[in-house]
Amino acid sequence: MTQVDEFFSEADQLPPSRNASSWARRITGIAVLLAVAALAWGTWSFISGVTSGPTAQDDYAGDGTGQVEIIVARGDTLTAIGQILQEAGVVLSVQSFVDAAEANEEAAFIGPGKYTLRRQMSGSSAVILMLDPASRADSRLVLPEGLRLPQTVDIAAESSSLPRSEFDQVLDNPGVLPLPSWAEQRPEGFMFPATYNLAGDETAEQILSSLVERFDESAQSLDLVARAEEIERTPYEVLIVASLVQAEVLPGDMRKAAAVVYNRLDDGMPLQFDSTVSYALGITELQLSADQLQTESEYNTYQNTGLPPTPINSPGEAALEAALDPAKAKWLYFVTVNPDTRETKFARDYDRFLKLKSQLQEYLAENG
């Protein structure tokens with residue numbers, strides 16, 4: 001006889017009044033036990049779900065199929081990216097992507113841009129593919145060091161397929177750009193040289209702003225403002241000097257050239273840099289004629305003492321570092337004795353400078 005049979009048998013043997021009362025008590029006891037069991041099961045299930053995270057049903061398995069393009073915007077968090085992926089059908093749940101990204105240290109390098117992914121990918125597969133450069137579907141804006149503002153705009157317009165006029169409109173109103181206060185709304189020099197990924201939906205203002213923001217990141221990493229003060233220069237003066245050495249010499253000579261700039265400024269000597277006259281003329285040549293050197297311009301450092309009024313290009317980080325930490329030397333002159341290799345030699349006195357200049361003239365005579 002089962003326990004249930006015994007329960008009903010015992011109940012049948014009780015007097016009617018006791019039978020009913022006992023029956024009620026037993027039913028109530030069973031109900032309480034069932035309620036407690038249900039509560040315990042629910043509590044265990046909840047705790048298990050919280051501590052174990054998403055289950056297999058919250059994530060796809062495998063690498064997915066097909067193709068789908070998604071766009072990650074600057075500043076998107078992992079959760080925001082997960083939502084984009086879920087809505088595009090790439091991952092099954094936001095949490096599957098977030099958990100996989102948090103478990104992968106390289107996920108910190110997932111940046112803004114356009115990605116080609118697959119549908120129904122596991123969270124970990126999505127993270128791995130987004131870290132693969134082959135998944136990038138965006139165009140690239142490549143800006144080398146030393147570009148002038150018009151050159152930067154030409155490349156930006158071509159890379160983004162936006163009309164050049166839209167960039168010109170932004171530059172006509174530089175207050176919309178995140179320039180530092182000490183720039184006084186002068187954008188030349190702040191279009192930082194780097195490689196930028198373009199998703200394809202950016203405006204001209206957004207593109208130029210990203211270049212300025214990248215400059216700010218570099219300035220912060222170099223501690224530009226504080227270090228400029230340490231050498232008794234303004235940050236804008238440092239930027240101008242960096243643009244000069246960027247234009248004149250190779251990276252290995254930048255600290256030496258920066259020393260020449262500061263030494264000549266301290267002695268009240270005109271800089272006499274061909275690059276500044278070239279900038280005034282809107283040309284890129286650094287070997288100028290005597291007539292060209294007579295060009296009337298505030299950028300002509302043969303005719304004017306001090307620095308030119310603005311940077312003459314957008315220098316890279318090496319040039320900025322050189323302008324902040326010039327060589328400790330008394331050089332007052334330098335000559336690029338081989339324009340093809342850009343070999344440059346330095347001199348402390350005018351006689352040595354004339355000898356270097358003769359070397360340059362000999363090279364030009366021999367190599368046309």
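Table: residues versus (1) loosely packed, with under 15 Cβ neighbours inside 10 Å; (2) under 24 Å from N197 (Cα atoms); (3) in contact (Cβ under 8 Å) with a residue 60 or more places away in the chain; (4) touching an Asp or Glu at 6+ places or on another chain (Cβ under 7 Å).
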residue	(1), (2), (3), (4)
G64	no, no, yes, no
E69	yes, yes, yes, no
G82	no, yes, no, no
L92	no, no, no, yes
S96	no, no, no, yes
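So which of E217, E237, E230 is of a type in the set (D, E, K, R) and more than 24 Å from L332 (Cα to Cα)? Show your work before the answer.
Numbers: E237 fails: more than 24 Å from L332 (Cα to Cα); E230 fails: more than 24 Å from L332 (Cα to Cα).
Result: E217 is the single residue among E217, E237, E230 that is of a type in the set (D, E, K, R) and more than 24 Å from L332 (Cα to Cα).
Does the range 294-303 contain any residue that is part of a loop (DSSP other than H, G, I, E, B), surrounded by 14 or more Cβ atoms within 10 Å (Cβ to Cβ) and within 30 Å of the chain's Cα centre (by Cα)?
Checking the range 294-303: not a single residue is part of a loop (DSSP other than H, G, I, E, B), surrounded by 14 or more Cβ atoms within 10 Å (Cβ to Cβ) and within 30 Å of the chain's Cα centre (by Cα).
Please pick out the residue among A226, A319, A290 that is free of Cβ contacts under 8 Å to residues at least 24 places away in the same chain and within 30 Å of the chain's Cα centre (by Cα).
On inspection, the qualifying residue turns out to be A226.
Being without any contact (Cβ under 8 Å) to a residue 60 or more places away in the chain, in contact with a Ser or Thr (Cβ under 9 Å, 6 or more places away or on another chain) and buried (at least 17 other Cβ atoms within 10 Å of the Cβ) narrows it down to one residue among R148, R118; which is it?
Numbers: R148 fails: without any contact (Cβ under 8 Å) to a residue 60 or more places away in the chain.
Among R148, R118, only R118 is without any contact (Cβ under 8 Å) to a residue 60 or more places away in the chain, in contact with a Ser or Thr (Cβ under 9 Å, 6 or more places away or on another chain) and buried (at least 17 other Cβ atoms within 10 Å of the Cβ).
Out of the residues in the range 106-115 meeting the condition of being assigned to a loop (DSSP other than H, G, I, E, B) and either among the β-branched types (V, I, T) or surrounded by fewer than 17 Cβ atoms within 10 Å (Cβ to Cβ) (or both), tell me which one is modelled with the highest pLDDT.
Top of the filtered list is I110.
Among the residues of the range 126-135, is any under 29 Å from L239 (Cα atoms) and either of a type in the set (D, E) or in a loop (DSSP other than H, G, I, E, B) (or both)?
Taking every residue of the range 126-135 in turn, none turns out to be under 29 Å from L239 (Cα atoms) and either of a type in the set (D, E) or in a loop (DSSP other than H, G, I, E, B) (or both).
Need the failing condition index for G111 against (1) of a type outside the set (A, V, I, L, M, F, W, C); (2) more than 27 Å from A61 (Cβ to Cβ); (3) free of Cβ contacts under 8 Å to residues at least 12 places away in the same chain; (4) outside the structural domain of Q206 (by TED's automatic domain parsing), just the number.
Single failed check for G111: (3).
Does the range 161-186 hold any residues that are closer than 16 Å to R214 by Cβ and either of a type outside the set (A, V, I, L, M) or under 18 Å from the mean Cα position of the chain (by Cα) (or both), and which are they?
L177, P178, L179, P180
Which of the residues spanning the range 322-368 are aliphatic (A, V, I, L, M) and either touching a strand residue (DSSP E or B) at 6+ places or on another chain (Cβ under 8 Å) or modelled with pLDDT under 95 (or both)?
Once the filter is applied, which keeps residues that are aliphatic (A, V, I, L, M) and either touching a strand residue (DSSP E or B) at 6+ places or on another chain (Cβ under 8 Å) or modelled with pLDDT under 95 (or both), the range 322-368 yields A329, L332, V335, V337, A347, L356, L360, L364, A365.
Within the range 245-253, does at least one residue satisfy the condition of being closer than 17 Å to L147 by Cα and among the charged types (D, E, K, R)?
Going residue by residue through the range 245-253, those that are closer than 17 Å to L147 by Cα are 245-251.
Going one step further and asking which of them are among the charged types (D, E, K, R), we end up with 248.
Yes.
Output the residues belonging to the range 142-160 that are among the polar types (S, T, N, Q) and under 19 Å from the mean Cα position of the chain (by Cα).
Correct list: T152, S159, S160.
Go through (1) closer than 22 Å to Y279 by Cβ; (2) of a type outside the set (S, T, N, Q); (3) in contact with a Phe, Trp or Tyr (Cβ under 6 Å, 6 or more places away or on another chain) one by one and return the number of the condition G189 breaks.
Among (1) closer than 22 Å to Y279 by Cβ; (2) of a type outside the set (S, T, N, Q); (3) in contact with a Phe, Trp or Tyr (Cβ under 6 Å, 6 or more places away or on another chain), G189 violates only (3).
Would you pick out the residues in the range 271-287 that are of a type in the set (D, E) and either exposed (fewer than 13 other Cβ atoms within 10 Å of the Cβ) or without any contact (Cβ under 8 Å) to a residue 12 or more places away in the chain (or both)?
Residue satisfying the conditions is E285 alone.
Residue under question is S159, and the condition is that it be touching a strand residue (DSSP E or B) at 6+ places or on another chain (Cβ under 6 Å), without any contact (Cβ under 8 Å) to a residue 60 or more places away in the chain and in a helix (DSSP H, G or I); does it hold?
In short, yes.
Report whether or not Q246 is crowded, with 17+ Cβ neighbours inside 10 Å and either touching a residue at least 24 places away in the same chain (Cβ under 8 Å) or assigned by TED's automatic domain parsing to the domain that holds L332 (or both).
Working: crowded, with 17+ Cβ neighbours inside 10 Å: yes; either touching a residue at least 24 places away in the same chain (Cβ under 8 Å) or assigned by TED's automatic domain parsing to the domain that holds L332 (or both): yes.
Taking the combined requirement at face value, the residue satisfies it.
The values are calculated or read from the model by the stated rules, or taken from the named source; none is laboratory data. As the structure is a computational prediction, the values presented were derived from the model and not from experiment. Glycine also receives a Cβ, built like all others from the backbone with ideal geometry; neighbour counts cover every protein chain displayed.
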